[in-house]
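Input: a single structure, listed below in structure tokens.
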Ligand SMILES: NC(=O)c1ccc[n+]([C@@H]2O[C@H](COP(=O)([O-])OP(=O)(O)OC[C@H]3O[C@@H](n4cnc5c(N)ncnc54)[C@H](OP(=O)(O)O)[C@@H]3O)[C@@H](O)[C@H]2O)c1
């Protein structure tokens, strides 16, 4: 699979698996662990989670699936790119470090590949960044980043970062239905070689039901969800993390990473879901 270069070295696959809504109900746990295991067996390497998802439950599901996959030799640890996030209310200098340790424990890992501030809260950015830098130097995380940051937040963050390792990625809501970040945030990040991770890239399943998209997708011999994903990752510097539990969805979404859209298809997509003409506030789910 194609990968994006990180500004801090290393790379991240352009398509991964989201885990929001996993780990919320013990009755669904076996099905969710099975889904993550299947994802890894199919070839997913980037997996996104957060301490918020199921209040640690999603990290626990992921930890169990990773442990089983490693023991079964389905994958080697260094092939995986595991992302989690700290709650803003935990993102003090000390709190970020403690939250990271709790996440690592639930994930059953010694080190996370990318650790994000989930959204801006009341703790000063300087404190969160200092904690992130210390986690990098202690080898507990390989890279750090943010989520739900707009251009003005990114500018403030750059000032707070000083000489330490740079922010490696910003994860925001970007899909064919929500193209706002394409106007100024994505260009800002591209100039700095900083990947944008698109969350809810199929609008939480809604784009799979989009009639216009479905017609165009049928003509191309793919599904509407695949077209929605291929469109998002066709933008340079963008990775997508669709969440799926159903086997058919996992397979469809992974295959979307291999689709190439020609200029005519991209123009048709712009007609169906026009790009932004002006700056709009960053949307959040
Ligand atoms: N940083 C943030 O603030 C933030 C916010 C939101 C999300 N996220 C991350 O981004 C991930 C993805 O976003 P999301 O979960 O909100 O929405 P999404 O990935 O756009 O959509 C997930 C929904 O779409 C369904 N689906 C998946 N593949 C499909 C396909 N090929 N055809 C039809 N339906 C399909 C899934 O069903 P099944 O599960 O039944 O297969 C699920 O109901 C999250 O899981 C999370 O990791 C981050």
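Key figures for this structure:
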quantity	calculated
Contour excess over end-to-end distance, with Cα ends at residue 27 and residue 163 and 0.36 nm allotted per residue	44.2 nm
Per principal axis, descending, Cα span of the stretch 132-222 in whole Å	50, 27, 19
Percent of Cα-Cα distances greater than 18 Å, calculated over the stretch 204-252	29 percent
Ordering of 261-268, 57-64 by packing [mean C-beta count within 10 Å, highest first]	57-64, 261-268
Estimated [θ] at 222 nm from DSSP helical runs (n ≥ 4, -39500 (n - 2.57)) normalised by residues in the chain, nearest 500	-12500 deg cm²/dmol
Kirkwood estimate for the chain, i.e. one over the average of 1/r between Cα atoms, Å	19.0 Å
Mean Cα-pair separation over length for the stretch 193-233, i.e. relative contact order, pairs under 8 Å, 6 or more apart, %	39 percent
Residue 89 paired with residue 1, simple spin-label distance in nm, labels 7 Å along Cα-to-beta-carbon	3.3 nm
FRET efficiency, 1/(1 + (r/R0)^6) with R0 35 Å, evaluated for residue 183 and residue 251 via beta carbons	0.60
Shape metrics for the stretch 109-165, restricted to C-alpha atoms - Rg then Dmax, Å	11.1, 34
Over the stretch 151-285, relative contact order from alpha-carbon pairs under 8 Å, at least 6 apart, %	28 percent
Per principal axis, descending, Cα span of the stretch 160-284 in whole Å	50, 34, 25
Spin-label model distance (nm) - residue 101 vs residue 218, 7 Å beyond Cα toward Cβ	5.7 nm
20 °C / 1.002 mPa s Stokes-Einstein diffusion coefficient of the stretch 169-233, Kirkwood radius on C-alpha pairs, µm²/s	174 µm²/s
Whole-angstrom gap from the stretch 238-268 to the stretch 90-114, using each part's C-alpha centre	31 Å
Whether the stretch 85-136 is rounded, prolate or oblate, judged on the alpha carbon gyration tensor where a/c under 1.5 counts as rounded	prolate
With 10 Å bins from 0: P(r) over the stretch 1-138, alpha-carbon pairs, percent	12, 42, 35, 11, 0
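Quick note: the coordinates plus some simple rules give every number you see, no bench work behind them. What you see is a predicted model; the values in this text were computed from it and never measured. No Cβ is skipped: glycine too gets one built from the backbone with ideal geometry, and neighbour counts run over all protein chains shown.
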